[in-house]
Protein chains: 2
Amino acid sequence: MINPATLKDIARLAHVSHTTVSRVINNRPGVRAATKKRIMRLVKELDYQPNLVARSLVVKRSKNLGMIITTIRNPFYLELAQGIEDTARSFEYNVILCCTNHDLFLEGEHIRELKRRGVDGIILTSAQIKDGHVAALAREGFPVVLVNRRVLDPDLSDKVDYIGIDNVKGGEMALEHLLKMGHRRIGIIRGSLESSVTVERMEGACRALTRYGISLEDDLVFGGDYLKGTGYEAAKKFLSLPNPPSAIFSLNDYMALGVYDALTEQGVRVPEDMALVGFNDIEFASLKMVGLSTISQKKYTLGSMAVRRLMERIEGAQAGREWILEPELIIRRSCGYTLAISHGGLAPSER
Amino acid sequence: MINPATLKDIARLAHVSHTTVSRVINNRPGVRAATKKRIMRLVKELDYQPNLVARSLVVKRSKNLGMIITTIRNPFYLELAQGIEDTARSFEYNVILCCTNHDLFLEGEHIRELKRRGVDGIILTSAQIKDGHVAALAREGFPVVLVNRRVLDPDLSDKVDYIGIDNVKGGEMALEHLLKMGHRRIGIIRGSLESSVTVERMEGACRALTRYGISLEDDLVFGGDYLKGTGYEAAKKFLSLPNPPSAIFSLNDYMALGVYDALTEQGVRVPEDMALVGFNDIEFASLKMVGLSTISQKKYTLGSMAVRRLMERIEGAQAGREWILEPELIIRRSCGYTLAISHGGLAPSER
DNA sequence: AATTCTTATGTTAACGTTAACAAAATGATA
DNA sequence: TATCATTTTGTTAACGTTAACATAAGAATT
């Protein structure tokens, strides 16, 4: 591997100082046209590529940002990541990918590493409700933007940015929809309580239940980790109940995949024998053969907005803003609504 | 944001030279225990974090690697990416994520950018059969490892590393399986011919066809881009044929999703009315409600091996090796095999 | 032609590390 | 106690840039 040409190499060949070359490279004014041309020719000829690590060192900007997500396996993060990557590139930023695998310790390690690497900012989607790492970053004013999950700490609200959707409303919409269709025993599958998303969606679900005068039954709530396996186990447990639910609300779509697996295995039909509503609207949900009703959020937009906001922060903007997008109920087959309609009517409560 | 402590800060406070501090940080021998302890205490106290960009500049190693993929939307790359990320971290490497969106120009841009950033090596999954960017990297001896897709250029075979599976065999297995089950008109959906994967899998498919004395019909081959939409269009086209195929081989699973969409839309049952075999075994394929028969490859392993090999290359190993893993036929519902079995027999040709 | 203003270029230092070498301090040996 | 070997520490330069300031060369004004 040949050593790439440096500013000084070009300077020597062009009989100018390296500063002049630097000026040309960054096309700053104050260089005679002839000199500029001579230098440019050499730049082309030697295929000069500026050494960004050297530049980073002096300008104290790496044009790198860190993206911390729990696991890339969850398709939800795909679209988010795409929004982040695309938008970052449009700002000439590169993205360093970090997965925490739901491990708070690893999150800390990654943050430390990213700071050592001199990233200009971090987009973090793995925040926990009480998250010391995020708190520390926020307090020192390091540019972070939380996406999807947030920290719930009033002290921090003016020190950290957040972009997400109204999860309470989303949870409420999902449950309300099932309740409207006449379901009264509804199984709820949630992920970790350390995620604000869980708390908020549960809160929404409870609101809807309360409005219908129903209280949350312990047996009908299954807690896990937002991965497919949790959905599978939850569904199996629900089915084994003496009085199983007639509908399931899975707090994310990825777990709903597991629900489908368990139901298919036991010959339980969706939506005839069991209605199902998910959350996030991952690509899978929209497949015709699946038709998972779900609460949709604009994942790409979320990622894109997060990067844009991060850029503002890097440019010095004050922290402490938040953007809450609207969730949307997407009705497909799995909730049974379309079926009810085509059978010429809704459940009793709707008539 | 407070400026982080530097070596010199610590040196000043510890009344030693910064070199001594550097020695302690990198725990090199030749520092008195007492001095070391004094420095260590300060390191802890000030929460000193070495500036990796400064270090990179002098040691000429960034401990960063670039991962270039076509699009993170294709679930195939998820698992691959995970293998890469996990393994990279185990070597204390960070991964810079780059998506080409199937654009060769963008691939070039990314490579250039990564080199400017001083990555130690690149893992590239977006190679085209004739790929000038890869060729250039290979010729200058830059550490690259190709995964999944390769360049087909005899001049380069001793200059570039490749890790993939035997796609010819995979294609052959898929088609042979369908042929064995009695199918004689088989629609084939392929992605871009610029990908070696396409050429190889097609080659395998043809071999199987030839063995059965069948020639490839133009109408039964649909070319696209390995994304879902292609599968959808292809299936619709096949169905509109005066004499539609009885089976479809989709060269990847992601397109098979589109096939399902089209078939479901038109009320064509899988596998009763149309058998279907995919390739890659993405998570979706294994869902019980889907049961997509497919050719499996160990995606995580591929990624992991690629990183390990890249590390060897960075340490100076000679280029020019390749690893070809074995594909595996995964029989699920969509190919109709299990159905045939349960009906007490196979298609005529198998009896 | 001398003076001022402007434009073009150069010199030097800095960024935070590591590396090569030099020097000082310590311990062992005579 | 002087000498040498060894251990510990320090000095300086380098990595490839940009930034601040200084200087030189031209052009414009008197």
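Numbers for the structure displayed
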quantity	calculated
Inter-site label distance for A:GLU312 and A:LEU216 at 7 Å from Cα along Cβ, in nm	3.3 nm
Distance violations [Cα-Cα > 18 Å] among A:LYS115/B:LYS63; A:LYS228/B:LYS298; B:LYS63/B:LYS115; B:LYS63/B:LYS299; A:LYS180/A:LYS236	A:LYS228/B:LYS298; B:LYS63/B:LYS299; A:LYS180/A:LYS236
Coarse-grained scattering of the stretch B:236-282 at q = 0.13, 0.21, 0.29, 0.33 Å⁻¹, given as base-10 log I(q)/I(0) from a Debye sum over alpha-carbon atoms	-0.26, -0.67, -1.19, -1.36
The stretch B:1-85 - Rg and Dmax from Cα coordinates, angstrom	18.9, 56
Exercise: per-residue mean of other protein chain Cβ atoms within 10 Å, A:284-295	4
Alpha-carbon spread of the stretch A:193-343, three principal axes, descending order, Å	58, 33, 30
P(r) weight above 31 Å for chain A, C-alpha pairs, percent	46 percent
Antiparallel DSSP beta bridges within the protein assembly as shown, percent to nearest 5	10 percent
Label-point separation in nm, B:GLU326 to A:ASP158, each point 7 Å along Cα→Cβ	6.6 nm
Antiparallel bridges, percent of DSSP beta bridges restricted to chain A (to nearest 5)	10 percent
Residue-by-residue Karplus 3J(HN,Hα) for the stretch A:55-63, coefficients 6.51, -1.76, 1.60, Hz, glycine and proline x	4, 3, 4, 8, 7, 6, 9, 9, 6
Pairwise FRET efficiency - B:ARG207 versus A:ALA136, Cβ, R0 = 45 Å, nearest 0.05	0.15
Descending semi-axes in Å of the stretch B:1-159, equivalent ellipsoid built from Cα gyration tensor	41, 16, 13
Max mean-square fluctuation residue, GNM over chain A, Cα-Cα springs under 10 Å, options A:ALA34, A:ALA235, A:ALA317	A:ALA34
Tilt relative to chain B, helix B:167-180 - C-alpha long axis, 0 to 90 degrees, to 10	30 degrees
Environment charge at A:GLU45 (Cβ cut-off 13 Å; Lys +1, Arg +1, Asp -1, Glu -1)	+2
10 Å Cβ neighbours from other chains, averaged over peptide A:88-100	4
Calculated from backbone phi, Karplus (6.51, -1.76, 1.60) coupling profile of the stretch A:149-163 in Hz, x at Gly/Pro	9, 10, 8, 10, 8, x, 4, 9, 4, 9, 10, 9, 9, 9, 10
Residue with peak Gaussian network fluctuation, chain A [Cα springs, cutoff 10 Å], from A:SER62, A:SER293, A:SER22	A:SER22
Normalised convex hull volume, the stretch A:199-265, alpha-carbon set, Å³ per residue	85 Å³
Partners for B:LYS159 among aspartates and glutamates (Cα-Cα distance below 15 Å; same-chain residues under 8 apart left out)	B:ASP131, B:GLU140, B:GLU312, B:GLU322
0 to 90° range, to nearest 10: angle between helix A:75-90 axis and chain A longest Cα axis	30 degrees
Using alpha carbons only: equivalent-ellipsoid semi-axes of the protein assembly as shown, gyration tensor based, whole Å	47, 36, 21
Helix-only CD estimate at 222 nm, as mean residue ellipticity for the protein assembly as shown, using -39500 (n - 2.57) per DSSP H run (n ≥ 4)	-13500 deg cm²/dmol
Top of A:VAL160, A:VAL119, A:VAL31 by mean-square fluctuation, Gaussian network on chain A, Cα under 10 Å	A:VAL31
Full-extension gain in nm, A:ASN3 to A:ARG116, via 0.36 nm per residue minus C-alpha separation	38.1 nm
Cβ crowding within 10 Å averaged over residues, with B:264-273, B:220-229 ranked highest first	B:220-229, B:264-273
Between helix A:253-265 and chain A: long-axis angle, C-alpha atoms, 0 to 90°, nearest 10	40 degrees
Normalised alpha carbon radius of gyration of the stretch A:1-46 [divisor 2.2 N^0.38 Å]	1.07
Reciprocal of mean inverse Cα separation for the stretch A:196-238 (Kirkwood radius, Å)	11.5 Å
Principal axis dimensions, largest first and in whole angstrom, of the stretch B:128-211 by Cα	51, 18, 17
Cβ-derived FRET efficiency at R0 30 Å, A:SER240 paired with A:SER342, nearest 0.05	0.45
Additional length obtainable on full extension of the chain from A:LYS180 to A:ARG269, 0.36 nm per residue less Cα span	30.0 nm
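FYI, it's all coordinate maths here, none of it is from the lab. Worth saying up front: this structure is predicted, and the values here are computed from it rather than measured. Ideal geometry is used to build each Cβ from the backbone, glycine not excepted, and the neighbour counts take in all protein chains shown.
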